[in-house]
Amino acid sequence: MYILRKNIRNAVLSTVLAGALAAPGLAGAFGETSTGVQIKEFSLLDTASDIVGAADFTPEGNKDGHFKLTLSLAQNTVIKSVVLRSTDAYGDDNDQGVWRTNRATTGWLLGMVRNKPVTSTNGATTYENEIINPGFQKEVNAPVGEFTGELAFDLYASNNGTIKETQYYVLEIETPQGMVTSKPIKYKQPMTAGGASAPNTGSGLPVPTPTPKPGSGQPTPTPTPTPNPGSGQPAPTPTPPPPVPAEGPTIHVFFKGQELMFDDAKPILKDGSTLVPFRKLFEALGFAVKWVDTGTVQQAIGTKDGLNIELTISSTTAKVNGNNVPLDIPAQIINGSTLVPLRFVAENSGYEVSYSSNGSTATIQIDEGEVVSEPDDPAPNPTPEPAKEEIEPYVVKGYIRDAKGNPVPGVTVYADNTLLYNSNVLGVTDESGHYRIELPQVATSWRMGADLVKSFNGKNYKFRLTADVDQPLAGSAGAVKDFTWTKFDGQIYIYPYLTYDTSLPEFLIGDVEITLTPVGPLLDGNSGKTITKRVGPVLGGLGIDEVPIGKYTATARWLPEGHAPIPMQIRINYIGKYAESAEVEFSEPRSASTNHYLSELEIRIPENK
C-alpha cells in the first residue's frame, strides 16, 4: 500500500514541478556545436493528427501536435533524450506543457518517427518509417538511440489540452557531450540552421496508422507485413513525396466534392492560412457579393439568408452579423486581386474545412457542417451598430463591446501619458458602451487601456483590457480606440491525495480527466459549455486553465493506459467531504504562484477501489 499524505503533498508537488519546469543550460542553437549536433530545421506542421497517447503510440481522441525535425550529426552520436517545451517568444517556459521520450521528468509522450533512407542492392534509395520510441523508455537512463549523418523525424506531442498553433515551442536534444537547444518556433514559422524561416512545406512523411480503440466502431486497418530479416523479401517502403516549389504548394479547393476553379488569381498559403479570391468563394457558398470602396476603406461583403460577413482589407477584425470577430490573417489585395481567408469565411458560414498535403500539392475540402441545436438559448436581439466616430484633435474616444458586440457600460478607460510617469486621464463608458476623453494640449503621445469590473455571485472580478489596435496615439492628432472584451478565464489547481492498492496501475497526473458542467450562466451572461480536459502544467502548478469564470459542477476520472476508467472523488481544497462531484467557483489567488483567478480541488481514488 502506497500512501501520499496531505501534509507532504505540497513538497511532492514542488518536486514534480521542479522536474517539469526546470530549463537546462544552452549548449548551442541552430549551428554546429561542441556536440557535433546541428538542428537544421524544427517546425510545427499541424495539430490535425491523432497518433499518440499520453504514454505510447495509441490514439486517444485528441489532436496531437505534429512537428518536423531535421538533424545533421557529424559523427556517430548517442541521443539520450529529446524534450519538447512550450515557451514564450523568448524561450522561457510558459507552463503549458512538457513532452519527452523517457520518464526523466513529468510530462507527456513525444513520439518520434524516422523517415529512414534504405539503399537496395541495385543502388536505388527508398524510404521507410521507423518508430523510434513506441512509448516511454522503461529505464529512465535508456537512450533514444544511436545515429549519424543526415536525419529526418516526425515528432508527435500527445495532446494535453494546451497544444495550440499560437504557442511557441523549444526542442532540447541531450547527448553525452551536452545539450543542444533550438530557438523558439511557432506554427508555420519553422526555423532553419541559418535562423531564417524555412519554406512552409511540412515533412511530407507518412504517419503511423492509428489503431482504433476497441468498441469504437471504426474498422481496424490491416497492417502492412514487415518481412523478417534474412527472409529475402524486400521491405515495402513509401516513395518520398515531390519537393514543394519555392512559391508554395499547388492548392486545390473542393466544395461538396466539386473543385472550384479560380481563373483570375490562384489560392495561396500565407502565414499558415489559405487565402482565396473572395468573389469566387463567396458565390460558391451561396452569398450575394458586394464590394465597397470609399477611398479610405475597402470591404468585401457577402450576404445570404440572414448571414452577413464583412471583411475589411488589411484589418484583423471582421464582422459577422455586425459583431466584431478577430482574424488570424486579414483580407488583402495581392497583385490586383482581393484574397480572403478561406477557413474563416467557410466556418462562419456553417461549413467544415479539412486540409491535407503531400508536399507539392495541398487539398482543401469544404463540406456541410454538423448542425447543433441549442433550444435553451433564445435567439439574441439584434445588437445596434455603434455610431461611426470622427477623429478629433486632442480627443480620444470609442466603444467597448463584448465578444457578441453588446455594449459594456461602466468601464474605466484611461489614456496613459508616455512622457510623464503615472500621468493618466480617465473616462467611463456610458450605457451605449461609448467613452470620450479630452486630452491636454501638450506635445506627447498616449497609450490606451481600460479596467472592467464585473460582479458575479457576490464577488467582483477585474479585467485589464487593451485596445483592439494597441498602438500609441499622438495627442495632437486624436484617435478612435475601440475595445473588445473577450477573455475572462480562470484556472484550477488539482492536488492528488492518493491512497491506493499497489495492484492498480502507476498513477500519472496527466491521466486524470476533469469535467466541468456549468451551473447557470457564466460571468458574461452566456450559458457556457461543458469542458473536459486532462490535467497538465498551468501557471504555478498542475491543473487546467482557460476556464471561463462561472460556477461549475466538477467531476474527475483516472484514465490509466490499458485499464478501464476509474471515477475519482473530489472536493474543494481542505473544505468538506470527498464526493462524486464538487461545485467550483473562482477567487483571487492567495499566493504569488499565479495572477489568474483560481480554484483549487483535491482528488483521490475511492477507498473501496
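The values are calculated or read from the model by the stated rules, or taken from the named source; none is laboratory data. A quick note: this is a predicted structure, and the numbers were derived from the prediction, not measured. FYI the Cβ positions are ideal-geometry reconstructions off the backbone, even for glycines, and counts take in every protein chain you see. All accessible areas refer to the heavy atoms of the entire protein, side chains included, with ligands and DNA or RNA removed. Shrake-Rupley method; radii C 1.70, N 1.55, O 1.52, S 1.80 Å.
With each label modelled as a point 7 angstrom along the Cα→C-beta vector, the Arg590-Ala477 pair spans 5.0 nm.
Ranking Asp264, Asp293 by solvent-accessible area of protein heavy atoms (1.4 Å probe, all protein chains present), from largest to smallest, gives Asp264, Asp293. Straight-line cross-link partners of Lys487 among the lysines, defined as a Cα under 20 Å from its Cα and at least 8 positions apart when in the same chain: Lys164, Lys319, Lys404, Lys454, Lys459, Lys462, Lys529, Lys533, Lys551.
Computed over protein heavy atoms with a 1.4 Å probe, the carbon and sulfur contribution to the accessible area of the range 242-368 reaches 46%. Accessible area per residue for the range 461-609, computed on protein heavy atoms with a 1.4 Å probe, is 45 Å². What the phi angles of the range 589-596 give under the Karplus curve with 6.51, -1.76 and 1.60, with θ = phi - 60°, is a coupling list of x, 8, 9, 8, 5, 8, 10, 8 Hz, glycine and proline written as x. Coupling constants for the range 535-541 follow from the phi torsions by the Karplus curve (6.51 cos²θ - 1.76 cosθ + 1.60, θ = phi - 60°), and in residue order they are 6, x, x, 10, 4, x, x Hz; glycine and proline get x. Overall, the accessible surface of the range 66-178 at a probe of 1.4 angstrom is composed of carbon and sulfur to the extent of 47 percent.
In the P(r) worked out for the range 399-553, what percent of Cα pairs fall beyond 21 Å? Provide the component values of the computation, followed by the final result.
Values: 7028 of 11935 pairs.
Counting pairs separated by more than 21 Å, the tail of P(r) holds 59 percent.
Normalized C-alpha radius of gyration of the range 50-90, against 2.2 N^0.38 Å? Kindly include the intermediate steps, with their values, before the conclusion.
On the way: Rg = 14.2 Å, N = 41, 2.2 N^0.38 = 9.0 Å.
Here the Cα radius of gyration is 1.57 times the empirical estimate.
Taking only C-alpha pairs under 8 Å that are 6+ residues apart, what is the relative contact order of the range 470-595 in percent? The normalised contact order for the range 470-595 reaches 23 percent. Here is the list for the range 443-500: trypsin sites (Lys or Arg not before Pro) lying in DSSP coil, each with at most 13 other C-beta atoms within 10 angstrom of its C-beta, are Lys487.
Dipole magnitude for the range 394-488: computed about the Cα centre from +1 point charges on Lys and Arg Cβ and -1 point charges on Asp and Glu Cβ, it is near 300 debye.
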